[in-house]
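Enquirer: Here it is, the structure in full.
The values are calculated or read from the model by the stated rules, or taken from the named source; none is laboratory data. The shown structure was predicted, so the numbers you read here are calculated from the model rather than taken from an experiment. Please note: Cβ atoms are built from the backbone with ideal geometry, for glycine as well, and neighbour counts cover all protein chains shown.
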Amino acid sequence: MGIEFWILHQLQKLHGPILDELMVMITFLGDKGWVWIATGLILCAHPRTRPCGIGVLLSLLAGFLLGNCLLKNLVHRSRPCWLAEPELPLLIAVPGDYSFPSGHTLASVESAVTIYFYRKKWGIAALALAALIGFSRLYLFVHFPTDVLAGLLLGIGIAFGVHWGMEQYREKREMCKDA
């Protein structure tokens, strides 16, 4: 954890009023995955984007079960803000759940990668937002770098798995129609 604390302390040198406010706003977008849930629901509303919306929502469900319900409770990793010096001011409320993996990063990456599969331009914007949300968790001292890295890798894996499963389902459904 030494190198991880070192990285987090280096990021603390970036703090300033404008960036502090921006990072709090960005991390808020990832709270409880609400921006991604809303995106998935909006995408489901139109027949042309419905497969993407379903993919986002299925990815979020898989990520919640695997990351938040299973891994966080198996690993029991303390957050850096729980272990930090008392003089280090936090800009957000101290999270009460465990640190590994970063749920904000997980939800953001799995949603953004899923969107990218269906709509490249929208996906690039979503990936940029996902990167900012992941960075905000480090900036705000509530996750270790490996928590964010785990959320990133798990999110990519879940998005690929859900997309593959949806494609398999679509192909079988089309085969049944043709038969």
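Enquirer: Which residues, counting only those in the range 84-104, are within 18 Å of Gln12 (Cα to Cα) and surrounded by 12 or more Cβ atoms within 10 Å (Cβ to Cβ)?
Expert: Within the range 84-104, Ala84, Leu88, Leu90, Leu91, Ile92 meet the criteria.
Enquirer: How many residues does the range 119-147 hold that are touching a Pro at 6+ places or on another chain (Cβ under 8 Å) and under 17 Å from Ile3 (Cβ atoms)?
Expert: Residues in the range 119-147 being touching a Pro at 6+ places or on another chain (Cβ under 8 Å) and under 17 Å from Ile3 (Cβ atoms): 5 in total.
Enquirer: Within the set of pairs 6+ apart or on separate chains, which have a first residue in the range 117-142 that is farther than 21 Å from Leu8 by Cα and without any contact (Cβ under 8 Å) to a residue 12 or more places away in the chain, a second that is part of a helix (DSSP H, G or I) and not aliphatic (A, V, I, L, M), and C-beta atoms under 8 Å apart?
Expert: Sorted first by the residue in the range 117-142, then by its partner, the pairs are Trp122/Tyr116; Gly123/Tyr116; Gly123/Phe117; Ile124/Tyr116.
Enquirer: Name the residue, out of Thr114, Thr105, Thr146, that is over 27 Å from Gly53 (Cα atoms), among the β-branched types (Val, Ile, Thr) and at pLDDT 95 or above.
Expert: That would be Thr146, the only listed residue that is over 27 Å from Gly53 (Cα atoms), among the β-branched types (Val, Ile, Thr) and at pLDDT 95 or above.
Enquirer: So Arg48 ticks every box in (1) among the charged types (D, E, K, R); (2) farther than 17 Å from Ile133 by Cα; (3) in a helix (DSSP H, G or I) but one. Which box is left unticked?
Expert: Status for Arg48: all satisfied but (3).
Enquirer: So Gly134 passes all but one of these: (1) modelled with pLDDT of 95 or more; (2) closer than 25 Å to Lys72 by Cβ; (3) exposed (fewer than 13 other Cβ atoms within 10 Å of the Cβ); (4) of a type outside the set (A, V, I, L, M, F, W, C). Which condition number does it fail?
Expert: (3)
Enquirer: Before we move on, is Ser108 small (Gly, Ala, Ser), buried (at least 18 other Cβ atoms within 10 Å of the Cβ), out of contact with any Ser or Thr (no Cβ under 7 Å at 6 or more places or on another chain) and closer than 17 Å to Lys32 by Cα?
Expert: Taking the combined requirement at face value, the residue satisfies it.
Enquirer: Hey, another quick one. Looking at the range 11-25, can you tell me whether even one residue there is modelled with pLDDT of 95 or more, surrounded by 12 or more Cβ atoms within 10 Å (Cβ to Cβ), in contact with a helix residue (DSSP H, G or I) (Cβ under 7 Å, 6 or more places away or on another chain) and assigned to a helix (DSSP H, G or I)?
Expert: yes
Enquirer: Checking Pro80 against (1) farther than 25 Å from Phe160 by Cβ; (2) surrounded by fewer than 22 Cβ atoms within 10 Å (Cβ to Cβ); (3) in contact (Cβ under 8 Å) with a residue 24 or more places away in the chain, which test does it fail?
Expert: So Pro80 meets the others, but not (2).
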